[in-house]
Amino acid sequence: MKICCLKKGCRLTRLFTNELLPAGGVLSGVRSASDTGCACSNFQCSVLQTTRATRGIKMVNSRKAALWLTVVILFLFIPCVAMGAADQTAPAVDLIAPWTPLEFQAGALKMWGRDYKFGNSVFPQGITANGEALLAGPISLVCREAGGQSPLAAQRVVPRLIRPAQVSLSSEVSCGANLRATVTVRVEYDGLMLYHIELNPHGRATLQELSLEIPFRDGVASFYHKYVMMNQDWGQQATYAIPQEQGTLWVSPFNPYIWIGDPNKGLLWFSESDNDWHNGSMPLRIVRDGHVVKFNVSFVSLPTELKSATAYEFGLQATPTRPLPDHWRSIRTVYTVPTAKELSPELSESNPKPDIAILWPLHKAEWPWGGFPRPADKDRTIALIQSLHQKGIKVLLYIQAEAMDENDLPEFQKNKKNWQYIPEILGGTTLRAFNPSTSWSQYFLDALQSFLATYDVDGLYLDNIYIYPDKNPAHVSEGTVYPIIALRDLVRKVYVLAKNKNSQNLVIIHMSSHNLMPVLSFSDVILDGEHVSARPWHCEKDEKYFFGDAISPLNLEEFQGEFYGRQWGPAPMYLSTLGYKGGCLETRGPSEYVLAYALVHGVLLWGRFADDMMSQVFKVYDEYAVNEATFIPYWQSGAYLETNAQSAASSPIKASVYLNEKEAPGRALLVVSNLGPTPESVSIKLHLGALGISKPPQVRVLTVGSTTEESDLAAEDGQIKLTLPSYSFRLVGIN
């Protein structure tokens, strides 16, 4: 038995063993939150705990037994009168920045950026994200016993838990004469909804159907994003436009997560396993029915005899899940620090000074344990960080929270059977992926906490944050499990450790093609796009443009539906490594090609593969106060400009706008890109009033390379004309 004392803010709640102790919360006589099962908030809490050795009760911070008993009875029974039995299965969760407290009233739940309207159901009857409705109707669950006539006759919804960081609701429903279901949803502050459905037969019952339907508004359901295996499908496209035809548009076997939405918002469904699913081979489907796009999940569609309680679990989360970080466009040139010896030459005055340096484990002498937070030489590492700080450069630590070379970590062999996935995910190499639901997570977190207490870094760079299918009998009882919630808990703890050290610390996650927002909520920046380099493409060192007859590895549906990033929450940055192939690193083609796509979508490039061009772009951005400007993408820019080509969806010409009326009044910056394989001429009609320009404008065309070539352009009656080479862009300044 483990009990928290009743002090202000202390809660008698079971704590999952992988839940982080909140900042400032100290439990007497214990090492970590997982030792106690209790949660506290910014105070010291006494603990009653049963010891295995004596099976007796020992008191920490002595209290009279009568007082303890009275407190426990009051705490347990008074809330039950008001709310029904409290949710004892919910882990304690503490609100952290930048999220706001949950507000639950009259069946409506408000949180940062979204509203969930439950009404008299445990499933949202409406969802609003970014001020716009997602759903065309209520989300519904069908639970039907064989021979049953009326699906899902629900009783009243009972609030089980209402806290600033967490709300829990439950309801009992009838699936037929001999089958009832208890449905519980737990909602956390970032909008995550975790559903637990427990089916309880009276004697024996046959379940005929258990399915979920999510009806999206037609205009919202523009794209879907699905899970792809990182090691098997590296390079595969994960985001697709939803076809406009009627009927069934997409079917799939089990996939652990699917997101549906548009470039500004959406809804993600996920499940860790399809154990106890009984259906055909394609349980997931997207169907267009008139002006409604439905996402259907079939848990059971074949008659299934139930002899005992059976549970099904899944989750939902509306996006974006968090606000964009302040000043995120100021994250610019990045420098990797493989070893202290290479520091000085790379930071000469002739090169653009980086804003961020990454402590990268490329040399065994410096980082013998690879991406594990344990450098070889403490004093040397401290001196290196201080040297970078003196140059005005922020320092981030590179870590791998999920994967490690088995030869790098001595502890691996001792814990191999417990820690790793089965089958070995990264086969053929000595790199091993570690399951975050195991003791690996606490081992890693202890090391990271020790590092952060010793070294004055400004944030963390987490590489390769993915989920994998696991069949390891050490932590999977049957079937295959994708440990999504365990990975979420691990990344959340990493995020909290970084922010507890300094609230301004930056957390960056590289997760190319894996936009699993229950995990990525806990990041400031997400890096996407590295996987594109695995696609077929052609490059000749002496050619400026490099595709020839090859298919372009980038496309608009991926950039709008995935890389654009405003639909997720963290700041989007594109990680381009196209320059690695075919000797193209020295050529301008790959960099200009990627920038033509990225900049017209308001996305910055990460890394050093286009530093000369990006440094020139940033100079222009500074002149037009882009850092705090409003970005209007080409599909919404019609009020500000018209082109003779952009109205056609098939046109390769796209033009977006930056406006900052406060810091740069009377000025606008256009990004005009030609995303096609041939040169294009374009005529642009400027709506000067909408742009905040009252006089005939001066127009500057900026051609960005290793330097920026500038030319003036006549604007007759607010109209300008440009010719763009294939796969290129121009920045157009309007003054």
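Worth pointing out:
- Cut-off 11 Å between beta-carbons: net charge of the residues surrounding Gln244, Lys and Arg +1, Asp and Glu -1: -1
- Listed pairs Lys695/Lys721; Lys265/Lys294; Lys294/Lys654; Lys378/Lys501; Lys619/Lys662; Lys378/Lys493 exceeding 21 Å between Cα atoms: Lys294/Lys654; Lys378/Lys493
- The ranking of Tyr574, Tyr640 by Cβ neighbour count inside 10 Å, starting from the fewest, reads Tyr640, Tyr574.
- In order along region 685-701, phi translates into HN-Hα couplings of 9, 8, 8, 4, x, 5, 7, x, 10, 9, 10, x, x, 8, 10, 10, 9 Hz, rounded to whole numbers, per the Karplus curve 6.51 cos²θ - 1.76 cosθ + 1.60 with θ = phi - 60° and x for Gly and Pro.
- Amide H contacts under 5 Å for Ala318, placed H, 5+ residues apart: Leu268
- In a DSSP loop and with at most 12 other Cβ atoms within 10 Å, the GluC sites (Glu not before Pro) in region 232-315 are Glu245.
- Under-5 Å amide H pairs with Arg432, H placed in peptide plane, nonlocal only: Met404, Asp405, Glu406
- Neighbour-count order for Met193, Met613, fewest beta carbons within 10 angstrom listed first: Met613, Met193
- Our coupling estimate for region 477-484, obtained by passing each phi through the Karplus curve with A = 6.51, B = -1.76, C = 1.60 and θ = phi - 60°, is 6, 7, x, 10, 10, 9, x, 5 Hz, Gly and Pro reported as x.
- Under 5 Å, built H, 5+ apart or other chain: amide partners of Thr206: Ala146, Leu306
- Within the shell defined by Cβ-Cβ distances under 14 Å, the residues around Arg288 carry a net charge of -1, with Lys and Arg each +1 and Asp and Glu each -1.
- Centroid-to-centroid separation of region 651-727 and region 440-459 [C-alpha atoms, Å]: 47
- Net charge over other residues, Cβ less than 14 angstrom from the Cβ of Asn660 (K, R count +1; D, E count -1): -2
- Among Tyr727, Tyr624, the order by Cβ neighbours within 10 angstrom, fewest to most, reads Tyr624, Tyr727.
- Gyration tensor verdict on region 328-528 (Cα atoms; rounded if a/c is under 1.5, prolate if a/b is larger than b/c, oblate otherwise): prolate
- Three-way shape call for region 281-338 based on the alpha-carbon gyration tensor, with the a/c threshold at 1.5: prolate
- Mean-position separation - Cα centroids, region 463-490 and region 206-229, in angstrom: 23
- The modelled label-to-label distance for the pair Arg535/Lys378, using points 7 Å beyond Cα in the direction of Cβ, is 4.9 nm.
Quick note: the coordinates plus some simple rules give every number you see, no bench work behind them. Bear in mind that the values here come from a model prediction, so they are computed numbers and not experimental data. Backbone-built Cβ (ideal geometry, glycine too); neighbour counts: all protein chains shown.
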